[in-house]
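All of the numbers you see were taken from the coordinates with simple rules; none came from a lab. Please read all numbers here as calculations on a predicted model, not as lab measurements. Here the Cβ is made from the backbone with ideal geometry for all residues, glycine too, and neighbour counts use every protein chain on show.
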Amino acid sequence: MSAAAGCLHQSCPVLAILRTAAIFGVEAYPVSVEVDVSDGGLPAITMVGLPDASVRESRDRVQSAIRNSGFEFPRRHVTVNLSPADIRKVGSSFDLPIALGVLAATGLIPTRQIDDVVILGELSLDGAVRSVRGALPISARARRDGVGCVILPRANAGEAAIVTGIDVVPVTSLEETVAILTGRRPRPTSPEPLPAAACAVALDLSDVRGQAIARRAIEIAAGGGHNLLFVGPPGGGKSMMARRLPGILPPLTFEEALEVTAIHSVAGLLPAGAGLLTAPPFRAPHHTASDVALVGGGAVPRPGEITLAHNGVLLLDETAEFARHVLDGLRQPLEEGTIRIARAARTAVFPARFMLVATMNPCPCGYRGDPSRACRCTPQQIDRYRGRLSGPLRDRIDLSVSVPAVPFKTLIEAAPGESSAFVRRRVAAARERQVARSRSAGERLNAQLDERALARHCVLDPAGLRVLDAASRRFHLSARSCHRLMKVARTIADLAGAERIAVEHMAEAVQFRLEG
């Protein structure tokens, strides 16, 4: 692959090959941009390699950007091939490599300058380089492939700099990029990784008055990564308490933060100039969300709310108002921690290990069991309403808590409870115990223990076994429910600093399976 200087004014066909990448799911795949400029055919640009409409539109952007940057667009036939052809190319990040390929094929850029470089960026008509999605996973893939440098928009430089061992060259325009590649302007030094994104001010648990059992359930759920359901009348504080759960979670580890930042980069939700996201994500979709919005999908698979909540919390407020088929889509990711979306060419695998926090009323009117207001719902209406949460989905919820309305006198006179900072320290200590005894990343928290790890870490004494056996027979618990009870008991023991599960830990765990 070579291009003779000055070939722009000659009639010889020239081929330029550049590196870039495409995003499928949350993974980056290498893509070669092959640009051929020849005298065969009418002056035009032909694009092949399974480009979608947004990529085909780059023909007009590239031509205008080249001319408005002071370069001459060749009056010959230009063929652009995006290889491999079995991956659909989506988005505008191919603009910059295509434009540089045209200029390299016409001899304006030495091809040796683009041999070991991954290039991405969207072009505006005046030649400015705009930000793109997925810069972090693309940079990480470039490092894994042994590529030494990545050229990308300056707006994406902060997230790309998180990846060590690779030179990051931020650019603002096509003209600047050409000047750097031709040596007319020195290559800028790689930017320093931006500091971690500032965490939003979390709501504090001390605002909750009363509701001691619900507060305890929140602490247990956070301590072991367990799923949680609040059931109670309107105004009881279900949503208020659920929204305070992220405030007692410890910061993400570096590996977790890298996963979360990459997901938000692919989704285009990373704030401008943001560095690593270290706070656990919190997502609260509206009950009108579709199944694709919740679990992900589309013609080109995109992450849904459960993936955006990876390593964090997914709040489904008024859960019974969600469509049942939407809720049942949560069953597999709740069990496996991933969601697989199959397409004709390949299957996209999205991470989806999250804490589910659900809230719902006890009946359609909301006042079943409320001592101050009468419920007017018929038994059939109540059964139909509660049936919107299927049995298999309820079986995957570790803690179910009744949240009664708090008397106004209690709201006024009750002293504030513990702050989120105090509870967070206990949660962090419990999680440290779990990490210390885990043997693999897949069983880091108690809620993630498989059957073998359960047998190692959740051994019950005879008294605890009797409590579990009595509960399973009286309340007709499934094997999955019994295993989840053992995991919750293990978390309660960790919060208490106990090495083994005692009978009181199991008894407390049982009370959180009795609702409904």
Legend entry - Karplus 3J(HN,Hα) series, Hz, for segment 292-308 with 6.51 cos²θ - 1.76 cosθ + 1.60 (x for Gly, Pro): 5, 5, 7, 9, x, x, x, 4, 10, x, 10, x, x, 4, 5, 6, 5
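Quick check on the chain: helices-only [θ] at 222 nm, where DSSP H runs of length 4 and up contribute -39,500 (n - 2.57) each and the sum goes over total residues. Nearest 500, please. Present the calculation step by step, with values, prior to reporting the outcome.
On the way: 21 runs with 182 residues, N = 516.
After summing the helix terms and dividing by the residues of the chain, the value is -10000 deg cm²/dmol.
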Legend entry - Using alpha-carbon coordinates, inclination of helix 420-437 to the longest axis of the chain, degrees: 80 degrees
Inset, instruction - Compute the distance in nm between two label points, each set 7 Å from the Cα along the Cα-to-Cβ direction, one at Ala436 and one at Glu451. - result: 3.0 nm
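Viscosity 1.567 mPa s, temperature 4 °C: Stokes-Einstein D of segment 22-151 from its Kirkwood Cα radius, in µm² per second? Kindly include the intermediate steps, with their values, before the conclusion.
Numbers: Rh = 14.9 Å.
Translational D for this selection: 87 µm²/s.
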Inset, instruction - Count the DSSP beta bridges whose two residues both fall in the chain, then state the antiparallel fraction as a percent rounded to the nearest 5. - result: 45 percent
Inset, instruction - Please work out the FRET efficiency for the pair Asp116 and Ala284, using the Cβ-Cβ distance as r and a Förster radius of 45 Å; give the result to the nearest 0.05. - result: 0.50
Legend entry - Cross-link partners of Lys238 among aspartates and glutamates (Cα-Cα below 16 Å; sequence separation of 8 or more within a chain): Asp204, Asp207, Glu219, Asp317, Glu318, Glu321, Asp370, Glu515
Inset, instruction - Report, to the nearest 10°, how far helix 58-68 tilts away from the longest principal axis of the Cα atoms in the chain, using its own Cα long axis and a range of 0 to 90°. - result: 50 degrees
Inset, instruction - Compute from the Cα atoms of the chain the Rg and the Dmax, the latter being the longest Cα-Cα distance, and quote both in angstrom. - result: 28.0, 90
Legend entry - Simple label model, 7 Å out from Cα along Cβ direction - Thr172 to Ala498, nm: 6.3 nm
Inset, instruction - Multiply the residue gap between Phe422 and Thr253 by 0.36 nm, knock off their C-alpha separation, and tell me the result in nm, one decimal place. - result: 58.8 nm
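Sorted by mean Cβ packing within 10 Å, highest first, what order do the peptides 421-431, 125-135 take?
Numbers: 421-431: 18.2, 125-135: 21.5.
For the peptides 421-431, 125-135, the packing ranking is 125-135, 421-431.
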Legend entry - Lys/Arg +1, Asp/Glu -1 at C-beta; segment 7-181 dipole; positive extreme among Pro137, Asn68, Ala160: Pro137
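Quick one: if the Förster radius is 45 Å, what FRET efficiency do Asp328 and Ser54 give, using the C-beta to C-beta distance and rounding to 0.05? Could the numbers behind the result be given before it?
Numbers: r = 33 Å, r/R0 = 0.74.
That pair, Asp328 with Ser54, gives E of 0.85.
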Inset, instruction - Taking the dipole about the Cα centre of segment 449-516, with the C-beta of Lys and Arg at +1 and of Asp and Glu at -1, give me whichever of Val503, Ile492, Ala479 is farthest to the positive side. - result: Ala479
Legend entry - Convex hull volume per residue for segment 205-442, taking Cα atoms only, in Å³: 142 Å³
Legend entry - Likely footprinting exposure, His310, His483, fewest C-beta neighbours within 10 Å first: His483, His310
Legend entry - Under 5 Å, built H, 5+ apart or other chain: amide partners of Leu123: Asp95, Leu96, Arg130
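When a footprinting reagent is the concern and you count Cβ atoms within 10 Å, what order do Val459, Val78 take, fewest first?
Values: Val459 13, Val78 25.
Taking fewest neighbouring Cβ atoms as first place, the list is Val459, Val78.
So, R0 is 60 Å and r is the distance between the beta-carbons of Ala344 and Glu413; what FRET efficiency does that work out to, to 0.05?
Details: r = 64 Å, r/R0 = 1.06.
That gives a FRET efficiency of 0.40.
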Legend entry - Highest to lowest packing among 257-265, 385-393, scored as the average C-beta count within 10 Å: 257-265, 385-393
Legend entry - Listed residues Pro271, Gln332, Pro379: farthest to the positive end of the dipole of the chain (Cβ charges): Pro379
Inset, instruction - Neighbouring Cβ atoms within 10 Å as the yardstick, rank Cys149, Cys482 fewest first. - result: Cys482, Cys149
Legend entry - Extension gain (nm, one decimal) between Arg144 and Leu269, 0.36 nm per residue minus Cα-Cα: 42.5 nm
Inset, instruction - Using 0.36 nm per residue of separation minus the Cα-Cα distance, give me the extension gain between Arg384 and Ile213 in nm, one decimal. - result: 58.8 nm
